[in-house]
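Encoded as structure tokens, the structure appears first; notes follow it.
A short reminder: the numbers here are calculations on the coordinates, not readings from a lab. All of these numbers come straight from a predicted model, not from anything done at the bench. Neighbour counts run over all protein chains shown; Cβ positions are idealised from the backbone, glycine included.
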Amino acid sequence: MNLYKFFSLVERFSQYFQGKGYGGFSINSEVKSIKKLLKLDRDVRVAIDIGGNIGDYTEALMEVFPGIEVYTFEPLELIVTKLKLRFSKQKKLKFSNLVFQIKMIP
């Protein structure tokens, strides 16, 4: 077994144990699986992407649900700037550098 195949297997197992094993090993297939699991027979109009990072999930949402309006939250202002540049031609995307925190109350 060559190194590429070995690391591909390691990556697949890692993704599976992170809960990404249902339906595929890519963001795009994950979004398609969500649509299938929820039995959505019509397009989703609005989605929220918390932790937008480089925008791959937002892009997958736009591919699977054409015309969707996506609100993307990313805490790092530099990354928000990069997201705005990447999707500068998309009118239905909103970006914010808000931080979400879950606090457990005893």
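Things to note:
- Computed from backbone phi with θ = phi - 60° and the Karplus coefficients 6.51, -1.76 and 1.60, the 3J(HN,Hα) list for the stretch 2-11 is 7, 4, 4, 5, 4, 5, 5, 5, 4, 5 Hz; x is used for glycine and proline.
- Trypsin sites (Lys or Arg not before Pro) restricted to DSSP loop in the stretch 37-106 with at most 10 other C-beta within 10 Å: 39, 42, 45, 89, 91, 103
- Taking the number of Cβ atoms within 10 Å of each Cβ as an exposure proxy, the fewest-first ranking of 16, 57 is 16, 57.
- Estimated 222 nm signal from helices in the chain, with DSSP H stretches of n ≥ 4 weighted -39500 (n - 2.57), rounded to 500: -12000 deg cm²/dmol
- The Rg/Rh ratio for the chain is 1.04, where Rg is the radius of gyration of the alpha carbons and Rh is the Kirkwood radius.
- Kirkwood-based shape ratio for the stretch 42-99, expressed as Rg/Rh from alpha carbons: 0.94
- A Förster radius of 30 Å, combined with the Cβ-Cβ distance separating residue 46 from residue 8, puts the computed FRET efficiency at roughly 0.25.
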